Amino acid sequence: MANDANTLTERQVAKPNAGNTVARLGGVGILVLAVLGSFAYLGGWLSPKKLTPARFTNGLETAFGGVHSGFRRNHAKGVCVTGFFESNGQGARLSKAEVFQAGRVPVIGRFSIGGGDPYAADSAESVRAMALQFTQPDGEQWRTAMIHLPVFPFKNPQAFYEQMMAGVPDPNTHKPDPEKMKAFIAGHPEFLRAVGIIRSHPLSSGFDNTAFYGLTAFRFVDANGNSTPVRWSFVPLQPFVALDPAASQPDRNYLFDDLIASIHKHPLQWKLIVTVGQPNDPTNDASSPWPDNREQVDAGTLTLDTIESEETSPAREINFDPLVLPVGIVPSDDPLLSARSAVYSQSFTRRAGEKVEPSAITPSDVRK
Amino acid sequence: MNNVSQQFPVSMRVLHWLMAALVLTMLGIGVAMVASLGDYNQLISIHRPLGILLLLLVVIRYINRRFSKMPPFPEGFPSAERFVAEASELLLYTLLFLTPLVGWAMLSAAGYPIIMFGSFHLFPILSRNLMLYAALRKTHTILAFLLFFAFVAHFSAVVLHTWVLRDGLFNRMAPWKAQAR
């Protein structure tokens, strides 16, 4: 019977229970389909409406007028900076991260405005952002991406996505459908509440005198393993000057031009303020602030002293993923955190493979 | 009955079933994490160290195989099928080695810290290069899908041999001590 010419059928016929062959083949088929089906389920292929990182990123591309080759899918327009963080050691009682031990760590960062258009004009409406990467002596990194809003208008990625898509122009009328926005606002009372808090904070004149907020809560873990809910913000040492709403801003890049001029005059500094939450403070809702009386710890001073165009800076190649954290900082249960990490990664992967177009803020702009 | 073992040695069988369970888990985590906003971070925190563990295991397994005595194919096993079986083993080994290696390389090229657990990081094996990262990221997905389909083919063939052909092929790798037919 050891004959290479034997076919499957001949070998089956040689078996005593060959009559069951069809049923047994069916069993094989069912088992294989079960494996394929489980993977299709896990991979989201059976739920085409599920909001995945790819669909979220497609939404960003749609809402921001298409793909801008080589740029971040949000906060596309930016400029890069470097400097250092000088820790005063006061954060060390809350977190064992090396960055909070007294001493200095190098920082590379990026200022940007919200939106996917890398050539958008700066305006009073622009969402100002500061992203930073701290590199500890032990090689561990802390990356954080912050904006100037003291609270975030969305509790979860679904709400962010819905509001964003409600603003996309209808293909027939070329205008957003106001009913969609009304429906969103009616379904998300936290949105207008957060917008109210945001509006009550006076807007400053530029990047250099803006406070930046980490928004989502994190947890600091100390050397004994105690975990504390925290939020952080970077508060400028440059004096507050209110934005003059009446002043005309003829320059499309006025926020960036002012930042360049300011940093060339003197290094810019921010205090890292850690707000210490109470055990019952919610850590899963970036749209609501903690009570004003929470302890604030001044953990040190950020100094930024050089500025560079994205075209020449290594910061262009950094994904400021808010979940790149050193030991001593861990994510909270805020659903925005994992979602940001997933979508930033999508955005990073897409732009990494694209041809890079020139930045709005060029190498000659930053030398002015 | 001769006294040549009809089964793979215990070390090979242990490595086979351990890796089978881990690879299946890994493939499931891989497709789930790229489709998930909420579980992405937790899943990728497992995916990274598990991938490196699998890379280590496949190297150990390959070396172990080189020094192990292999059981013969069942009597009357056609040489054409034998060729298919051996070629698919080679394909599986190649994919099991390349998929995690490309994963490591792609994280290196992206400039991400390659966090295993706590403060234990792996060193990068490439310097930062975004274009290379984009290519490796695609390659990682393609390799993982090839691995998945190679697994499905391997699984289907074994089930077919066990349930339909009933030629005792499965006994060679059975996790228990199997009697030769």
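Couple of notes before you dig in:
- According to the Kirkwood relation over distinct C-alpha pairs, the hydrodynamic radius of the range A:66-367 is 20.0 Å.
- About the centre of its Cα atoms, the range A:66-367 shows a dipole size close to 260 debye [charges on the beta carbon of Lys, Arg (+1) and Asp, Glu (-1) only; nearest 20 debye].
- Listed residue (A:Ala339, A:Asn293, A:Thr275) projecting farthest to the positive dipole end of the range A:230-340, Cβ model: A:Asn293
- Principal axis box of the protein assembly as shown, alpha-carbon based, largest edge first, Å: 95, 58, 49
- Computed from the C-beta positions of A:Lys355 and A:Ala102, the FRET efficiency with R₀ = 51 Å rounds to 0.65.
- Cβ crowding within 10 Å averaged over residues, with B:126-132, A:324-330, B:161-167 ranked highest first: A:324-330, B:161-167, B:126-132
- Using every pair of distinct Cα positions in the range B:1-123, the Kirkwood expression returns a hydrodynamic radius of 16.7 angstrom.
- Chain B: angle of helix B:130-159 to the longest principal axis, Cα-based, in degrees nearest 10: 20
- Among A:Ile108, A:Ile198, A:Ile30, residue whose mean-square fluctuation peaks in a GNM of chain A (springs only between Cα atoms under 10 Å): A:Ile30
- Model label points for A:Lys368 and A:Tyr41, set 7 angstrom from Cα along the Cα-to-Cβ axis, are 5.9 nm apart.
- Comparing A:Phe111, A:Ala63, A:Phe84 along the charge dipole axis of chain A, the residue lying farthest to the positive side is A:Ala63, per the Cβ-charge model.
- Separation of the range A:236-264 and the range A:17-68, taken as the distance between their Cα centroids, equals 51 angstrom.
- Against the compact-protein benchmark of 2.2 N^0.38 Å, the Cα-based radius of gyration of the range B:90-156 scales to 1.25.
- Semi-axes of the equivalent ellipsoid for the range A:144-270, Cα gyration tensor, largest first, Å: 30, 26, 13
- In this calculation the C-beta distance from A:Lys182 to B:Leu90 is compared with R0 = 45 Å, giving a FRET efficiency of 0.15.
- Helices assigned as whole DSSP H runs in chain A whose Cα atoms extend at least 20 Å along their own long axis and whose mean Kyte-Doolittle hydropathy is 1.6 or higher are found at A:21-42.
- Dividing the summed -39500 (n - 2.57) terms of all DSSP H runs of n ≥ 4 by the residue count of chain A sets its mean residue ellipticity at 222 nm at -9000 deg cm²/dmol.
- Convex hull volume per residue for the range A:183-257, taking Cα atoms only, in Å³: 173
- For the range A:146-204, the equivalent ellipsoid built from the Cα gyration tensor has semi-axes of 24, 13, 11 Å, listed from largest to smallest.
- Within the shell of other residues whose beta carbon sits under 14 angstrom from the beta carbon of B:Asn41, the net charge comes to 0, with Lys and Arg scored +1 and Asp and Glu -1.
- When only alpha carbons are used to place a centre, the range A:298-318 and the range B:113-181 end up 41 Å from one another.
- Multiplying the residue separation of A:Asn58 and A:Glu125 by 0.36 nm and removing their Cα-Cα distance gives an extension gain of 21.8 nm.
Quick note: the coordinates plus some simple rules give every number you see, no bench work behind them. What you see is a predicted model; the values in this text were computed from it and never measured. Here Cβ is always computed from backbone atoms with ideal geometry, including for glycine, and neighbour counts include all displayed protein chains.
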